[in-house]
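First the structure, in the form of structure tokens, and then the observations on it.
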Amino acid sequence: MISSATIKHSAALVVAITFTMAACVLRPCFGFQFGTRGLRIGPSASARYNLHHASTSSIAVLPLRFHHARSFTHLYSSSSDGSIDDKTRIVFLGTPDVAAASLKSIYEQSQSPDCPYELVGVVTQPPKRRKRKGKEIPTPVGIVAEELGLTILCPEKARDKDFLDTLENDVRPDLCITAAYGQYLPKRFLATPKFGTLNIHPSLLPRWRGSSPVQRSLESGDNPVGVSVLFTVSKMDAGPIVAQESLEIDENEQASTLLPTLFDIGTKCLIDVLPKVIKGEITMDTATGQDESLIVEADMIDASEGQLWPTKMTAVECHNRVRGFSMWPGTFLYFQIGDDGPENEPVKVKVVESRVLEEKVEPTNMIERGPNKKDGLRLVCADGSVLEMLKVQPATRNVMDAKSFVNGLQGQTVKWLSGLDS
């Protein structure tokens, strides 16, 4: 015989699910929270439905999907006895493709039966419109989080009070992980997770603290390069280091290929140390402090830095800048194609791929293709060193190899021009 208490609990459950479905249909930007305190519909709804003792089976509620700056969704797992799972609660923060790959790896590891942690939320930048009236496009991390069925929070700023309130009162992370999130984290955020916040940073800290570590390390010709896992503190990239790994690279390695490699290595390092962090064996106090005397800043890149200056730079310096700036802003020169004259305006040409030749020659501003089939366009710098441009992209044209570029010249000469600012 069914008890009256069971009937009441079942009725409460039905009402709760009904209100949740209504919220999904009528207000897709509404959030809902499910935990030991029950179900709360809407970002500030007063109605609560206590489901603490809702009988025998575990309750599964699908998270809502929304992208309103002040709306959040939360999904808390509930065991069969109504108690919250005792695994360490992790929130992941990230934005671009490299962070999305890290999120996948951490999530896959968390699905192991004996894994001591679970992902309970993802924080990423709000979706953006590429065109004025175009569709809002989620970040790569947002897309992956949605595919994995994870809770997504998209605050405009990490310092937003609503966001921080939600993090503290509802999500309640024990540990946070950041990977190229792209926002400064305030002290209140950093004080929330009891085990702290870990960050994957693609450089051998304290060298290259800042926003462009891979670009600056390649521009400077560093080898080896590397990645660090560190605790996050208020000062940018200044926290104690939990793990660090170096990597020897090819002299032609570009940022576009190196960055994903370093984040992959960094994610593996992070997964290796997570159990020790959770057990308290690695803490902010026991991790390795950074040597402040060895700090090198990775300053934000300005688009104007993409211009190559053969009169001031060696072939190696030009090549390293091509490698470092391959993702953005790219590197370029101005060419004079054909005879001098008002009818032949300088052409801005992007240098996409290059290499340095061992030979040295007499300096010249003429650009010619090498004698062999696969040779590129040869740019001679003021010191006589030679940069071979293997792939270029003239303004308004597609990327092409040197042979295709020369074929399009129809016998005209090419010179690089100095003294032109971008």
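The values are calculated or read from the model by the stated rules, or taken from the named source; none is laboratory data. Computed from a predicted model, the values in this text were never measured in an experiment. FYI the Cβ positions are ideal-geometry reconstructions off the backbone, even for glycines, and counts take in every protein chain you see. Keep in mind that these areas ignore ligands, DNA and RNA; they rest on the heavy atoms of the full protein, side chains included. Shrake-Rupley method; radii C 1.70, N 1.55, O 1.52, S 1.80 Å.
Numbers at a glance
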{"read-out": "Karplus 3J(HN,Hα) series, Hz, for segment 133-142 with 6.51 cos²θ - 1.76 cosθ + 1.60 (x for Gly, Pro)", "value": "10, x, 6, 5, 10, x, 5, x, 5, x"}
{"read-out": "For W416, solvent-accessible area (1.4 Å; no DNA, RNA or ligand), Å²", "value": "20"}
{"read-out": "Solvent exposure, largest accessible area first (probe 1.4 Å, DNA, RNA and ligands not counted), of K187, K415", "value": "K187, K415"}
{"read-out": "Solvent accessible area, Å² - E146, 1.4 Å probe, full protein context", "value": "70"}
{"read-out": "Amide H contacts under 5 Å for V352, placed H, 5+ residues apart", "value": "K391, V392, Q393"}
{"read-out": "Prolate/oblate/rounded call for segment 324-381, Cα gyration tensor, a/c under 1.5 rounded", "value": "oblate"}
{"read-out": "Amide N proximity, segment 222-245 versus D272 label position 7 Å along Cα-to-Cβ, cut-off under 18 Å", "value": "224-231, 241-245"}
{"read-out": "Rounded accessible area of M284 (nearest 10 Å², 1.4 Å probe)", "value": "80"}
{"read-out": "Residue-wise HN-Hα coupling along segment 96-103, computed from phi with Karplus coefficients 6.51, -1.76, 1.60 (Hz; x: Gly, Pro)", "value": "x, 4, 5, 6, 4, 5, 5, 4"}
{"read-out": "Tensor-based shape of segment 189-341 (alpha-carbon gyration tensor, a/c under 1.5 rounded, otherwise prolate or oblate)", "value": "prolate"}
{"read-out": "Residue list for segment 332-349, given a label point 7 angstrom along the Cα-to-Cβ vector of N365 and an amide N cut-off under 15 Å", "value": "333-342, 344-348"}
{"read-out": "Residues E305 and K194, FRET efficiency given R0 of 41 Å [Cβ-Cβ distance, rounded to 0.05]", "value": "0.45"}
{"read-out": "Beta bridges by DSSP in segment 79-166, antiparallel share as percent, to the nearest 5", "value": "20"}
{"read-out": "Prolate/oblate/rounded label for segment 302-412 (Cα gyration tensor, a/c 1.5)", "value": "rounded"}
{"read-out": "Share, in percent, of DSSP beta bridges within segment 85-232 that are antiparallel, nearest 5", "value": "25"}
{"read-out": "Rounded FRET efficiency, nearest 0.05, which uses the C-beta distance separating T314 from E343 and R0 of 41 Å", "value": "0.75"}
